[in-house]
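Engineer: Encoded as structure tokens, here's the structure I'll be asking about.
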2 protein chains.
Amino acid sequence: MNSSHFSISLHILTLLDQVKGQLLNSEYIAGSINCNPVLVRKELANLHKYGFVQSKEGKGGGSTLAKNPADINLGDVYRAVKQKSLLGESKNEPNPDCPVGKQITKHLTDLYDEAETALVKSLSSKTLKDFSAGFK
Amino acid sequence: MNSSHFSISLHILTLLDQVKGQLLNSEYIAGSINCNPVLVRKELANLHKYGFVQSKEGKGGGSTLAKNPADINLGDVYRAVKQKSLLGESKNEPNPDCPVGKQITKHLTDLYDEAETALVKSLSSKTLKDFSAGFK
DNA sequence: TCATACTGTAACTATTTTTATTACAGAACA
DNA sequence: TGTTCTGTAATAAAAATAGTTACAGTATGA
């Protein structure tokens, strides 16, 4: 993965867990992360798409967890959040006239998939509840 | 990790393995990768720093593997090549006045380190020889 | 019912990161 | 001694990421 999507998403989920069902608005969350509220809302939209959070519009609105934190594992969060292949979604197009260039994209993809599976497996051994417990 | 350092380095190493000791110059390698020769030379400089390749300057110069491909494992290549933490080296500084913001960087780092260890372990199960054999 | 305070989303700008280009000194070769 | 490389720096271009502004739509409550 890349950039800070995972960090931001996990930060959001941790905050939501800590306040146990209370609604938090994007400005508050952005204040904790120290980033832009719109970025938080975009990240929340994605977390919502994958069923991790619920949001309430309008005055007094905000977001809350849509699941029990013990049922949210970090591997699933990673998968929901990831947008590119792990080790560099090269839009690079190797030379098709070279025997190595011609095949390497496929071989790299296979290698990355395997490595990423190992990564996700490691993340999956922890739930949001576990992670969040470290803050108490 | 990120960007295409690993992809490029592995592409280089694979090419060098395929030609079995022949010297390849940066322009030829760049032609296979379809990128800039200077980028290849920088990547080679790094691979040299970690003892994977040898280079010869001057006319007729180029690079070759400095080790037996069976002794180069992909986890080591990954470690040599990686420059940032895996899941987003956020230069972001969360709010120190928030209980979550204050501690999350450390918790994320620990989590990433563990996940990355799993990733490297997966990559380490393969050598350059194994990888390169897929092209024959 | 109307002012207020949110979400959701788009459009745009700014910043940062990545990649490419140009340039050139120094090395090896013929 | 001209040619062809590496190594490296400086710069420019391109791409990715994050921030900003703006606003329609929704809920709340006075």
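Engineer: Over segment A:5-133, average the accessible area per residue using a 1.4 Å probe and give it in Å², no decimals.
Structural biologist: 50 Å²
Engineer: Please list, or write none, the aspartates and glutamates whose alpha carbon is within less than 14 Å of the alpha carbon of A:Lys42, excluding same-chain residues fewer than 8 places away.
Structural biologist: Excluding near neighbours in sequence, the set is A:Glu27.
Engineer: With 5 Å bins from zero, work out the P(r) of segment B:5-133 over every alpha carbon pair and list the percent per bin.
Structural biologist: Distribution as computed: 2, 10, 18, 18, 15, 10, 8, 7, 5, 4, 2, 1, 0 percent.
Engineer: At what distance in nm do the modelled label points of A:Thr64 and A:Leu39 sit from each other, each positioned 7 Å from its Cα along Cα→Cβ?
Structural biologist: So the label points at A:Thr64 and A:Leu39 sit 2.8 nm apart.
Engineer: Give the B-A buried accessible area in Å², both sides summed, 1.4 Å probe, nearest 100.
Structural biologist: The B and A chains share an interface burying roughly 3700 Å².
Engineer: With a 1.4 Å probe and all protein chains left in place, how much of the accessible area of segment B:5-133 comes from carbon and sulfur atoms, in whole percent?
Structural biologist: The nonpolar share, carbon plus sulfur, comes to 49 percent.
Engineer: Can you tell me which aspartates and glutamates have their Cα less than 19 Å from the Cα of A:Lys126? Leave out same-chain residues fewer than eight positions away.
Structural biologist: A:Asp17, A:Asp71, A:Asp76, A:Glu116, B:Asp110, B:Asp113, B:Glu114, B:Glu116
Engineer: Once you keep just the Cα pairs under 8 angstrom separated by 6 or more residues, what percentage relative contact order results for chain A?
Structural biologist: 30 percent
Engineer: Across all directions of projection, what mean area in square nanometres is found for the Cα convex hull of the protein assembly as shown?
Structural biologist: 15.3 nm²
Engineer: For A:Lys56 and B:Lys129, FRET efficiency with R0 = 51 Å and r from the beta-carbon atoms, rounded to 0.05?
Structural biologist: 0.35
The values are calculated or read from the model by the stated rules, or taken from the named source; none is laboratory data. In this text, all values refer to a predicted model and were calculated from it rather than measured experimentally. Counting neighbours? That spans all protein chains shown, and the Cβs are built from the backbone with ideal geometry, glycine included. All accessible areas refer to the heavy atoms of the entire protein, side chains included, with ligands and DNA or RNA removed. Shrake-Rupley method; radii C 1.70, N 1.55, O 1.52, S 1.80 Å.
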